[in-house]
Amino acid sequence: LFLRSARPFDFLRSLLVIFDTGLRLKHPEDLPLVLPQLTTGSIFYHFIDARTRLADGTDDFSFWLTGFGSDYDALRMELGGIDPFFSTLSQVQQKLTETCKNFLNLEKKS
C-alpha cells in the first residue's frame, strides 16, 4: 500500500564512494580501448560528476587530454559536445568510445 505524504521528499546529501582500480592510461590512444571496459559508475564519475568538480567545468577525460597538447583540442571539443543528460550511461559510454575511435583513426590517417 502506497500512502501519499503531504510533505515532499527532499534529498539532504549525496555520497560517492570512489575505488581505485589501479588502471592507468599512458596515451590518448588507450582511451577507445579502455572506455568500453569501464563501469557505468566510472562513466558517471569521470564524465558527469567531474563537471562539478573541475574548475573549468570539463570532464576528467578532456582535462587529462590537455596534458598532451593542442593535438587533442578537437577531440576535447567533441567530448564536450556530448550531452550526457538525454542518454543512458551506457549510451554515453558508447558515444565516448565512438568519438575517441573516430578522432584517433582520423589522426592516424593524416
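The values are calculated or read from the model by the stated rules, or taken from the named source; none is laboratory data. These numbers were taken from a predicted model, which means no experiment stands behind them. Glycine gets a Cβ as well: all are built from the backbone with ideal geometry, and neighbour counts include every protein chain shown. Protein only, heavy atoms only, side chains kept; ligands, DNA and RNA dropped before computing areas. Shrake-Rupley method; radii C 1.70, N 1.55, O 1.52, S 1.80 Å.
Per residue, segment 4-99 exposes 72 Å² of solvent-accessible protein surface, assessed with a 1.4 angstrom probe and all protein chains in place. Using the Cβ-Cβ distance between ASP56 and ARG7 with R0 set to 35 Å, the FRET efficiency from 1/(1 + (r/R0)^6) comes to roughly 0.35. Here the chain exposes an accessible surface that is 57 percent carbon and sulfur, computed with a 1.4 Å probe and the other protein chains kept in place.
Give the longest segment of the chain that steers clear of chymotrypsin sites (Phe, Trp or Tyr not before Pro) in DSSP loops with at most 14 neighbouring Cβ atoms within 10 Å, not counting the sites themselves. Between exposed loop sites, the widest span is 20-110. Taken as Cα centroids, segment 50-75 and segment 23-37 sit 15 Å apart, rounded to the nearest whole angstrom.
Between helix 89-109 and the chain there is an angle of about 10 degrees, using the helix long axis and the longest principal axis of the Cα atoms. The modelled label-to-label distance for the pair ARG24/ASN105, using points 7 Å beyond Cα in the direction of Cβ, is 3.1 nm.
Under 8 Å for C-alpha pairs, at least 6 residues apart: give me the relative contact order for the chain, rounded to a whole percent.
28
Computed from the C-beta positions of THR40 and TRP64, the FRET efficiency with R₀ = 25 Å rounds to 0.80.
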